[in-house]
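Scroll down for the structure; my scribbles are underneath it.
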Amino acid sequence: MSDEPTDIVFDALKQMQANGTRLRASLDTCGRLRETTSGMQATARTAESNAVPVAIKTAQSKRQDTGPDASRTSNSIKLEASPVKLLASDFTAPSGIHSAKLEALCSPVLACTKCPQLVQSRTQVVFGVGNPDAEVMFVGEAPGADEDLVGEPFVGRAGQLLTKIIEAMNFRRQDVYIANILKCRPNMPPGETGNRKPTPAEMNVCKPYLLQQIEIIQPKILVALGGTAVEGLLGMDKAGITKMRGTWKEFHGIPLMPTFHPSFLLRPTNEQNANKRLVWEDMLAVLAKLGHEISAKQRGYFLAK
């Protein structure tokens with residue numbers, strides 16, 4: 001067993017699994033973060049060890065370019081002899097830093113027992129998934145039955161539709177980050193099936209974990225999926241997502257785009273295509289704010305023929 005604090009928690013979770021606690025998918029998520037971090041740290045150490053020789057060669061090469069012929073160019077740069085100082089941080093990939101921080105957060109979140117009623121009913125905690133350096137972070141309200149079983153957010157029908165939306169934006173699912181405010185599936189009353197909305201109290205208990213994820217990832221834009229997610233993020237009683245969607249808000253200094261939840265687009269209504277267009281207009285606004293090029297094909301999605 002490692003002496004690292006996160007490894008101790010990780011090993012404890014593995015022991016919980018060995019004792020019959022169902023943690024598989026979320027434990028795998030934490031494990032993948034751990035592997036990514038180890039790889040990044042190894043790369044950083046290699047780069048650091050090679051940094052000074054490379055820097056010396058570069059400096060020597062530049063000094064050779066400052067001979068008599070160098071004065072012929074009006075924009076030549078005069079190089080003065082000075083020691084080259086390079087820091088390890090210059091060679092540490094940002095994703096390594098963010099992955100390490102997410103890994104450190106992941107283990108205690110998986111073992112969280114702050115909501116006894118959710119601990120009793122959940123299969124596992126659903127931490128989050130995606131790129132630790134994502135430009136865009138999608139935030140939902142809570143895991144459903146499919147997510148509770150798999151241990152990953154947005155994997156059911158609504159999640160499959162979200163993936164299609166992400167791909168239409170010219171991202172891959174692994175390019176963005178996806179998480180929920182509530183990390184456990186809300187428990188259902190006895191005899192009832194389906195999924196229920198998380199209560200404001202439940203979201204307030206779990207919200208600090210999301211805040212830490214956002215602080216680590218530092219996305220350029222947040223997308224709130226559905227009225228409940230907007231209410232949880234902004235502390236509102238009733239978001240009124242129909243009126244709020246498509247209007248930029250701000251969350252802790254980060255631009256926030258509220259839009260319909262993908263499950264809303266799966267409802268069989270006569271306005272389904274029109275609602276898809278509204279969501280797509282919100283995503284076009286996200287791409288524009290990021291400064292990404294938008295093709296004519298993208299601008300034409302879901303327009304009436």
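The values are calculated or read from the model by the stated rules, or taken from the named source; none is laboratory data. Remember, predicted model here, so these are calculated numbers, not experimental data. Reconstructed Cβ throughout: ideal geometry from the backbone, glycine too, with neighbour counts over all protein chains shown. These area figures cover heavy atoms from the full protein model, side chains too; ligands, DNA and RNA do not enter into them. Shrake-Rupley method; radii C 1.70, N 1.55, O 1.52, S 1.80 Å.
Taking other residues whose beta carbon is less than 11 angstrom from the beta carbon of Asp175, and scoring Lys, Arg as +1 and Asp, Glu as -1, yields -1.
Could you tell me which of the pairs Lys114/Lys243; Lys164/Lys197; Lys164/Lys220 are separated by over 30 angstrom between their Cα atoms in the structure shown? Cα-Cα > 30 Å for Lys114/Lys243; rest within. Within region 244-299, the GluC sites (Glu not before Pro) that combine a DSSP coil assignment with at most 14 other C-beta atoms in a 10 angstrom radius are Glu271, Glu293. Summing +1 for each Lys or Arg and -1 for each Asp or Glu among the other residues whose beta-carbon sits under 9 angstrom from that of Val136 gives -1.
Each Lys or Arg adds one and each Asp or Glu takes one away; over the other residues whose Cβ falls under 9 Å from the Cβ of Tyr301, this sums to +4. Between region 204-238 and region 257-305, what is the C-alpha centre distance in whole Å? About 21 Å separates the Cα centre of region 204-238 from the one of region 257-305.
Under the convention that each Lys and Arg Cβ holds +1 and each Asp and Glu Cβ holds -1, the size of the dipole of region 150-260 around its Cα centre is about 240 debye. Ranking Arg299, Arg157 by solvent-accessible area of protein heavy atoms (1.4 Å probe, all protein chains present), from largest to smallest, gives Arg157, Arg299. With contacts taken as Cα pairs under 8 Å at a separation of at least 6 residues, region 114-177 carries a relative contact order of 43 percent.
Within region 223-282, which trypsin sites (Lys or Arg not before Pro) sit in a loop by DSSP and count at most 15 neighbouring Cβ atoms inside 10 Å? When the trypsin sites (Lys or Arg not before Pro) of region 223-282 are filtered for loop state and at most 15 Cβ neighbours within 10 Å, Lys238 remain.
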